[in-house]
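The values are calculated or read from the model by the stated rules, or taken from the named source; none is laboratory data. Being a predicted model, the structure only gives us computed values, none of them experimental. So basically every Cβ, Gly included, is an ideal-geometry build from the backbone, and we count neighbours across all protein chains shown.
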Amino acid sequence: MSARSKHSILIINPNTTQAMTDALRPLVDTLGYEQTRFEYFTAPYGVASINNEFDAEVSAQACLPALFPKLRDFDGFLVCCYSQHPLVRLLRMEIDKLGPKHSRKAITGIFEASIAVCLQSLNADQNFGIVSTGAQWQEILVDAVAALLGVEGSSRYAGTETTGLDAGELHSTPKAEVDRRMKEATKRLLGKGARAVSLGCAGMAGMDQTVREACIEELGEVEGGRVKIVDGVASGVIYLEGVLRAGL
């Protein structure tokens with residue numbers, strides 16, 4: 001597939017909140033992949049905000065039947081929930097059933113894509129952290145990172161700090177309060193040595209500037225400006241584009 005070839009990617013929001021899906025569009029548009037057809041999917045039923053592993057499983061089961069008819073129509077699929085969301089695995093299984101003709105379809109989640117970008121952006125002696133929503137994600141993401149990296153307690157992972165707001169509350173809470181909580185969580189990660197910060201929720205799309213301000217406030221203009229801020233949605237789209245253009 002050449003660099004100018006047209007292909008299609010389905011951006012999947014596995015919760016039922018349409019406003020969260022709509023918030024992803026401008027971010028994807030800014031990436032400039034004009035030759036790619038992007039379409040967006042919101043869960044037809046299930047949960048309005050995915051706040052734990054049970055919610056993730058419920059949302060996967062709600063989405064999967066509605067996604068079956070779309071599997072042949074898209075080249076890539078991005079699951080926009082910051083977790084080891086079961087929908088990533090289930091979609092891969094369903095694509096495999098379609099046969100060799102569809103074997104080059106690409107699937108990833110924003111969690112997996114963002115961790116890859118964090119590690120690739122840092123020196124071997126530097127680590128990354130995650131800013132997430134509710135406190136329950138601290139333990140969940142410890143296990144998810146360990147499973148992804150294949151080792152528990154990796155020195156590359158500074159941990160997860162949370163805002164105390166769920167994904168829906170990120171958009172219903174006054175901006176000043178969201179910014180305050182985002183900055184406090186970011187500064188706690190920086191205090192643990194994190195030099196890459198991943199936005200640990202699709203609902204945080206576009207909040208990178210708030211994190212950057214926290215980095216500069218905590219570390220100063222030079223060091224704060226060097227911290228890598230990684231958006232999972234952007235990371236996922238860039239990964240899918242690379243795989244599809246390479247024809248892998």
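Quickly run through the range 89-116 and pick out the residues that are in contact with an Asp or Glu (Cβ under 9 Å, 6 or more places away or on another chain) and surrounded by 19 or more Cβ atoms within 10 Å (Cβ to Cβ).
Result: K105, A106, I110, S114.
Quick check on the range 33-50: of everything there that is out of contact with any helix residue (DSSP H, G or I) (no Cβ under 7 Å at 6 or more places or on another chain) and more than 19 Å from F74 (Cα to Cα), which residue is surrounded by the fewest Cβ atoms within 10 Å (Cβ to Cβ)?
This residue is A48.
Just to be sure, is A19 among the aliphatic types (A, V, I, L, M) and under 17 Å from G168 (Cβ atoms)? Lay out the reasoning, then the answer.
Details: among the aliphatic types (A, V, I, L, M): yes; under 17 Å from G168 (Cβ atoms): yes.
Criteria met by A19.
Being surrounded by fewer than 17 Cβ atoms within 10 Å (Cβ to Cβ) and either under 22 Å from A116 (Cα atoms) or hydrophobic (A, V, I, L, M, F, W, C) (or both), is that true of even one residue in the range 4-16?
No - not one qualifying residue is present in the range 4-16.
Looking at G232, G220, G168 in this structure, which one is out of contact with any Asp or Glu (no Cβ under 8 Å at 6 or more places or on another chain) and at positive phi?
On the way: G232 fails: at positive phi; G168 fails: at positive phi.
Of the residues listed, the single one that is out of contact with any Asp or Glu (no Cβ under 8 Å at 6 or more places or on another chain) and at positive phi is G220.
Suppose we filter D73, D29 for residues that are exposed (fewer than 13 other Cβ atoms within 10 Å of the Cβ) and closer than 19 Å to H102 by Cβ; which single one remains?
One residue alone meets the criteria, D73.
Given the conditions (1) over 16 Å from I115 (Cβ atoms); (2) in the same structural domain as Q138 (by TED's automatic domain parsing), report the number of the one that E241 does not fulfil.
Answer for E241: the failing condition is (2).
Scan the range 5-56 residue by residue and report those that are without any contact (Cβ under 8 Å) to a residue 60 or more places away in the chain and under 19 Å from S132 (Cα atoms).
T21, V47, F54, D55, A56
Mind listing whichever residues of the range 223-239 are under 14 Å from S132 (Cα atoms) and polar (S, T, N, Q)?
The answer is none; no residue qualifies.
Looking at the structure I just gave you, is P86 over 19 Å from H7 (Cα atoms) and either basic (K, R) or surrounded by 15 or more Cβ atoms within 10 Å (Cβ to Cβ) (or both)?
On the way: over 19 Å from H7 (Cα atoms): yes; either basic (K, R) or surrounded by 15 or more Cβ atoms within 10 Å (Cβ to Cβ) (or both): yes.
Yes: the conditions hold for P86.
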